[in-house]
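The values are calculated or read from the model by the stated rules, or taken from the named source; none is laboratory data. What you are looking at is a predicted structure, and each value in this text was computed from that prediction instead of being measured. No Cβ is skipped: glycine too gets one built from the backbone with ideal geometry, and neighbour counts run over all protein chains shown. Surface accessibility is based on the protein's heavy atoms, side chains included, excluding ligands, DNA and RNA. Shrake-Rupley method; radii C 1.70, N 1.55, O 1.52, S 1.80 Å.
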Amino acid sequence: MTDLILENTIPSGQCFRFKKENNYWTVTAGVNENVRQIKVSQDNLSPIEESDFWSNFFDLNTDYQAMRDTFSKVSPIM
């Protein structure tokens with residue numbers, strides 16, 4: 001399980017080509033014949049987690065919680 005929060009990640013400006021309808025996000029990524037599209041909700045991230053392409057796209061293999069913990073030791077939030 002990942003700590004990916006779509007509402008925080010997608011509108012941040014780091015990701016593009018997203019469209020939100022109701023509780024689902026649709027994303028299109030790729031070039032030419034390698035274009036891929038996925039429809040995903042926060043309640044069901046398995047299409048992202050189970051795909052090497054989308055897992056890499058969302059950088060799920062990076063332990064961001066460990067980074068946050070390290071940064072908090074250096075500069076704790078008051």
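Looking only at residues of the range 36-78 that are in contact with a strand residue (DSSP E or B) (Cβ under 8 Å, 6 or more places away or on another chain) and of a type in the set (S, T, Y), we find that the one that is most open to solvent (accessible area, probe 1.4 Å) is S51.
Restricted to the range 23-35, and to residues there that are over 12 Å from L4 (Cβ atoms) and at pLDDT 90 or above, the residue that is least open to solvent (accessible area, probe 1.4 Å) is T26.
Identify the residue in the range 3-19 that is out of contact with any Pro (no Cβ under 9 Å at 6 or more places or on another chain) and surrounded by 14 or more Cβ atoms within 10 Å (Cβ to Cβ) and, among all such residues, is modelled with the lowest pLDDT.
Initial filter on the range 3-19 (out of contact with any Pro (no Cβ under 9 Å at 6 or more places or on another chain)): 3-17, 19.
Restricting the remaining residues to those that are surrounded by 14 or more Cβ atoms within 10 Å (Cβ to Cβ) gives 4, 6, 9-10, 15.
Values: L4: 81, L6: 83, T9: 76, I10: 74, C15: 56.
By that ranking, first place goes to C15.
Here L60 meets each of (1) modelled with pLDDT of 90 or more; (2) touching a Leu at 6+ places or on another chain (Cβ under 9 Å) with one exception, condition (1).
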